[in-house]
Structures are given as structure tokens and as C-alpha cells.
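These notes concern the structure reproduced below.
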Amino acid sequence: MPELENVLLLAADALLYFVVLAALLRARTRIGLGAFFCALGVMHFLETYLASILYVSLPFNIVTSPGSTVLFTGKLFMLLLLYIREDAVVVRQPIYGLLFGNVLLFALAYIMRHHNLVSLRPGRAADFAFLNEMGALMVWGTAILFFDCIIMILLYERSRSWFRDRIFPQLALCGVVVLTFDQIAFFAGLNMLTGAGPEVLVGGWIAKMAAVAFYTVLAGVYLIYFERPIRRRTDIPQIWDVFDTLTYRERYEDLLARTGCDALTGALDRHSLEAHGRRAVEHAAAAGRPLALLLFEIDHFKSYNDRFGHVAGDKMLKRIVLDIMAAARMSDLTYRFGGEEFVSLQTASTPKML
């Protein structure tokens, strides 16, 4: 049956999509997140193109597009995995990139349609009407994606109190709620631009729910066997707490930066060392007092980060800074020089830590 063959092909599409992007996400500590973000961006263009032009039939007279069923559902699950392993600040980066890139595409297409064009072959010309339609759908879809991710993050954090960190029901709940909202919102734009009927709305939703079940299994297996979820807090944040975190975290870090403190550990930063260190040397020389400069570097810190995750690594850095400060005098100063490198300036006649 052609419908059953389409189901198997959609499952193969989803499996390939997830395996490749999950591999790029897993390799982020070695090659960076840029490869993951770029691949996600390329797939964003393809998913919008397919959602506007390519549909397949499934059993029970369901009509859906691989663009929305496989690629868009998969993208939301990949962004949820990114949040679980990183944080909200990282998740927003590809969303902003996609939004601004789509707006730029729309603007450039509008300008380019006014060029005096030359046809390389008879009957072959750029379809600017379709490009405008694609650009509008991409901008609309990315704007919805922004709200999708906020809902998804809040729901994931809130669901921890309901499911006690059982990852499969958490992933499934996030997928069902967010994809239902997205299907309704995206269909509104699709109907306005392409005239898609209600069968696309209903069929697309049913297909997306099946895709949610499929991706929930894949994402859950990935988290359990490749990257365990990070326990961010011992207590469950309320919705307004999450908004506070998303809204004020950067302001807090900016304030610490302007006061010369490292945002993560609370130690003074490298710029402060360059200013304070020079003055400390001058004052010690003028007063005839000894000055001690102690350098600390954490051995095998990268291996620790790779094994236990960045959140565990951050906690270790904070703990080490507290230990250094506890061992030093009140008059001594502690600086974070680099990633896992620290400096302690001690001006007492006999440094305590020597």
C-alpha cells in the first residue's frame, strides 16, 4: 500500500534526521555548536519549502507534509535536548539567527525582483512569487518557534514536579502541547498564503502526534545512554521564576562584569588582575613588603567537563574558588585568570598558603 510505504519512509526520514543532528549535538564539546546550528538552519529552509509544496497520504485518509511532520517536530525536540544539556541562553541563539536570516531573505528577494534579469535558457526564470511566499512562511514560522521554545522550556521545568525526572513522559508532554499549539498557529499562516484546507490542519496534527511518540523514544534513549539530564535545582521553579531567570540572568552577569567580578565563580576577573596586580606590585615595592602571586590550574578539567557535563564543571569551579578564598586571608585577592586557571595575590609578610 502506498500509504504504508509513506509511513515507513517518514520513519526513515525522522531516524536519519535525529541521528545526524544528535551526533552533532553530542560532538559540541569537540567541534563547537556552530556545526549543529548550521545544520539546523539548512533544515529550517527545507522544512518550510516542503510544508508549502509537498504533501503525502497516510492511512485513514491523513494528509501531511514531511516538512512539518518530520523536520519541524524533530527541530523542536533537538532544541529541547539543547536546553536540557545547556540552557535557555544557548537555545535562543539559533532562533534569533533563523528569524533575522529569514527577514533578510525576504528583504533581499524583494530588492532582487527589481533587477533587469537575463534568462540563461528560454522559459527558465526565478519564481519570485514563490520566493515571497516562502519568505513570509519562514518569518511566520520562526516567530511561532520563539513562543514554542518558551512554552517548551517552561513546561519541561514545571513537569519535573509531576513526573519526578522521568524523562519519557516529560518529553512526550512537551511535544504534544507545543506541537498542538504550533500546528494551529502555523496553519493560520499557511491557509492565508496557500489556501490549505482543514484536512491539512487535522491530518498534520495527527501525523505530528505520531512523530512526537517516535521522537520521544529517540530523545529519551539519547539522554539516558549518551547524555543524562542535568539537575539544575533541587527545588521546582515556578513559572515566574523561570521568566525571572530568562529575563535577568544576563543583566546580573553584565553587572558583575562591570564590577570586575567573574559571573560564574564570584572571583575577580582577569581585567581586575591586570589593574590590581600592577598597583599591588608598586605598593609592595614602595613599602618594602613581600608580595606573593600563586597560580592554580585544575588538572584534567576538560575530561571532567566531557564526562559529567558543563553544569557539574561549573559547580566544581565555584567550589574550588570557595576553597581558595577560605584558605587565604581577608586582605588577599583571588582572580579567575582563564577557564580553569586562578591567581591569588597575597601581600602579607608571610603568605598563608605557602
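The values are calculated or read from the model by the stated rules, or taken from the named source; none is laboratory data. Because the structure is a prediction, the values reported are computed rather than measured. Methodologically, a virtual Cβ is constructed for each residue, glycine included, from the backbone with ideal geometry; neighbour enumeration extends over all protein chains shown. Note: accessible area is taken over every heavy atom of the protein model, side chains too, but ligands, DNA and RNA are not part of it. Shrake-Rupley method; radii C 1.70, N 1.55, O 1.52, S 1.80 Å.
A simple spin-label model places pseudo-atoms 7 Å from Cα toward Cβ; at Leu293 and Val7 they are separated by 7.0 nm. When the Cα positions of Phe18, Gly309, Leu264 are compared along the charge dipole of the chain, Leu264 comes out farthest toward the positive end, with charges on each C-beta of Lys, Arg, Asp and Glu. Computed over the chain with a Gaussian network model linking Cα atoms closer than 10 Å, the most mobile of Ala129, Ala275, Ala27 is Ala275.
Listed by chain and number, the aspartates and glutamates whose alpha-carbon sits under 15 Å from that of Lys75, ignoring those within fewer than 8 places in the same chain, are Asp13, Glu47, Asp148, Asp182. Cβ-Cβ distance of His300 and Leu104, R₀ of 45 Å, FRET efficiency by 1/(1 + (r/R0)^6): the value works out to about 0.55. Taken along its principal axes, the alpha carbon cloud of the range 1-65 reaches lengths of 45, 22, 12 Å, longest axis first. This model, with +1 at the C-beta of Lys and Arg and -1 at the C-beta of Asp and Glu, gives the chain a dipole about its Cα centre of some 680 debye. Label positions at Phe226 and Ala275, each projected 7 Å from the Cα along the C-beta direction, are separated by 4.5 nm.
Only the Cβ atoms of Lys and Arg (+1) and of Asp and Glu (-1) were treated as charged; on that basis the dipole of the range 24-137 about its Cα centre amounts to roughly 300 debye.
The C-alpha atoms of the chain define a longest principal axis, and helix 270-287 lies at about 10 degrees to it. Per residue of the chain, the DSSP helices (runs of n ≥ 4 H) give a summed -39500 (n - 2.57) that works out to -23500 deg cm²/dmol at 222 nm. Of the residues Tyr110, Tyr215, the one with the largest accessible area comes first in the ranking Tyr110, Tyr215, computed with a 1.4 Å probe on protein heavy atoms.
Just so you know, the Rg over Rh for the range 264-324 is 1.13, from Cα atoms, with Rh as the Kirkwood radius.
The Cβ shell under 12 Å around Arg28 holds other residues with a net charge of 0, Lys and Arg each +1, Asp and Glu each -1. Using the Cβ of Val321 as centre and a radius below 15 Å, the other residues enclosed give a net charge of -3, where K and R count +1 and D and E count -1.
The stretch between Leu54 and Ile111, if pulled fully straight at 0.36 nm per residue, gains 17.8 nm over its current Cα-Cα span.
Convex hull volume per residue, computed on the Cα atoms of the range 127-202, equals 89 Å³. When the P(r) is computed for the chain, the part past 32 Å accounts for 46% of the Cα-Cα pairs. Seen from a random direction on average, the alpha-carbon convex hull of the range 1-117 projects onto 9.7 square nanometres.
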